[in-house]
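Below is one structure; the comments refer to it alone.
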Amino acid sequence: MYRFSCCDGLALYLFDWEWDAMTNGGDVEDAAVYALSKGVKPLIWYNSSMFKWITATPVDRMKTHENRVEEFTWLKSLGFAGVKVDFFLSEKQYMIDYYIDILEDAAKFEMMVNFHGSLVPRGWARTYPHLMTMEAVRGAEWYNNNPELTTTAPEHNTVMPFTRNVVGSMDYTPVTFTNSQHPHITSYGHELALSIVFESALQHMADRPEGYYNLPDAAKTLLRDLPAAWDDTKFMDGYPGKDVVIARRKGDIWYIGGMNAENEEKNKQVNLDFLNSDTKYKLTLIEDGEHDMDFSTKYSVVDKSSKIDIKLLRRGGFAAVLEPMQ
């Protein structure tokens, strides 16, 4: 009924489809009160209701201006921070109008918006900055839907930074460690790197709670502290479908993520010459361990003249954090 979207310390949680059909002793209002008591702001899912054959509930609550005003008024009173509206599946003019109508009404109630089952970004976020992200990608939910992503994900994941994600924020629902209907063949290091390599103003992590609880402390800390927006981005290395390394900065802190798509181990050397001069940084490097579900965490002090040597397993990956030292 719910999709887990953050681990301890993160700010938002999504109540996913069929939240109106709860039978476990409470309702969505009880869940919202509980979330807010823990300092977590709730988001909530809706069916666009534009296709009668898609029956996941709730339906019709976003379909007209009157419906939206009623629903947003209720959500605002409960402390909800935003909505995820799903199943658009068309680029006809009436559907484009529907997107804009939702954004117009959501703005009046200060609601963030995530469009799922959607077209690629069109630059609307410049006019409507509360539009945080859009799906428009074959993302992690396809481990549930059919076995296709199991074998194609490593290559797919190293193509998206060069193609789809260049267009705008991308709600891939990344960083899933546990297996769903169909298993991963990417390493845990690869999955962790997705949080940095993929950009989404709502970075919706969608694994089961135990997928995050079982992580080592360094990986938990990285996910807990991960920024929602970036001040700078640098392409470090890579080729579509083979591998990719991207560095992103928030304030004075740099994050680096890298992924290997190929079925052979690789060694990468990352040059840190983009760092500030006369500043030393604490490096936390979380790379592949001995096997796919293992991490190796290393700490060191680096500066602008440093280079990092990194091992990537086949279909592996790494994440790194560089924090200025006082």
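The values are calculated or read from the model by the stated rules, or taken from the named source; none is laboratory data. All values reported here derive from a predicted model rather than from experimental measurement. Methodologically, a virtual Cβ is constructed for each residue, glycine included, from the backbone with ideal geometry; neighbour enumeration extends over all protein chains shown. Quick note on the areas: whole protein, heavy atoms, side chains included, nothing else; ligands and nucleic acids left out. Shrake-Rupley method; radii C 1.70, N 1.55, O 1.52, S 1.80 Å.
Taking the stated definitions as given, is Glu155 part of a helix (DSSP H, G or I), open to solvent by 30 Å² or more (accessible area, probe 1.4 Å) and farther than 22 Å from Leu312 by Cβ? Walk me through how you get there before you give the answer.
Numbers: part of a helix (DSSP H, G or I): yes; open to solvent by 30 Å² or more (accessible area, probe 1.4 Å): yes; farther than 22 Å from Leu312 by Cβ: no.
It is false that Glu155 is part of a helix (DSSP H, G or I), open to solvent by 30 Å² or more (accessible area, probe 1.4 Å) and farther than 22 Å from Leu312 by Cβ.
Consider Ala218 carefully, then state whether it is surrounded by fewer than 21 Cβ atoms within 10 Å (Cβ to Cβ), of a type in the set (A, V, I, L, M, F, W, C) and part of a helix (DSSP H, G or I).
Yes.
Take the residues of region 1-34 that are surrounded by 18 or more Cβ atoms within 10 Å (Cβ to Cβ) and small (Gly, Ala, Ser): which is modelled with the lowest pLDDT?
If we take residues in region 1-34 being surrounded by 18 or more Cβ atoms within 10 Å (Cβ to Cβ) and small (Gly, Ala, Ser), then Ser5 is modelled with the lowest pLDDT.
State yes or no: is Ala153 without any contact (Cβ under 8 Å) to a residue 40 or more places away in the chain and among the small types (Gly, Ala, Ser)?
Working: without any contact (Cβ under 8 Å) to a residue 40 or more places away in the chain: yes; among the small types (Gly, Ala, Ser): yes.
Yes; evaluated as a whole, the condition is true for this residue.
Are any residues in region 93-128 assigned to a loop (DSSP other than H, G, I, E, B) and more than 20 Å from Leu14 (Cα to Cα), and if so, which ones?
Just the residues of region 93-128 that are assigned to a loop (DSSP other than H, G, I, E, B), to begin with: 109-111, 116-123, 127-128.
Once the filter is applied, which keeps residues that are assigned to a loop (DSSP other than H, G, I, E, B) and more than 20 Å from Leu14 (Cα to Cα), region 93-128 yields Leu119, Val120, Pro121, Arg122, Gly123, Thr127, Tyr128.
Considering only residues that are assigned to a loop (DSSP other than H, G, I, E, B) and either of a type in the set (S, T, N, Q) or in contact (Cβ under 8 Å) with a residue 60 or more places away in the chain (or both), which ones fall in region 196-214? Walk me through it before giving the result.
Of region 196-214, the ones assigned to a loop (DSSP other than H, G, I, E, B) are 198-208, 214.
Passing the criteria: Ser200, Ala201, Leu202, Gln203, His204, Met205, Ala206, Asp207, Arg208, Asn214.
For region 52-73, give me each residue that is open to solvent by 40 Å² or more (accessible area, probe 1.4 Å) and hydrophobic (A, V, I, L, M, F, W, C).
Selection gives Trp53, Val59, Val69.
With respect to the numbered conditions (1) closer than 26 Å to Asp294 by Cβ; (2) modelled with pLDDT under 95; (3) surrounded by fewer than 19 Cβ atoms within 10 Å (Cβ to Cβ), which one is the sole condition not fulfilled by Met205?
(3) is the only condition that Met205 fails.
Inside region 166-198, can you point out the residues that are in contact with a Lys or Arg (Cβ under 8 Å, 6 or more places away or on another chain) and open to solvent by 30 Å² or more (accessible area, probe 1.4 Å)?
If the condition is that a residue be in contact with a Lys or Arg (Cβ under 8 Å, 6 or more places away or on another chain) and open to solvent by 30 Å² or more (accessible area, probe 1.4 Å), then Thr178, Ile185 are the ones that fit.
May I ask you to say which residue of Ser118, Ser90, Ser37 is open to solvent by 10 Å² or more (accessible area, probe 1.4 Å), under 21 Å from Met132 (Cβ atoms), among the hydroxyl-bearing types (Ser, Thr, Tyr) and free of Cβ contacts under 8 Å to residues at least 60 places away in the same chain? Give the derivation first.
Numbers: Ser90 fails: under 21 Å from Met132 (Cβ atoms); Ser37 fails: under 21 Å from Met132 (Cβ atoms).
Result of the check over Ser118, Ser90, Ser37: Ser118.
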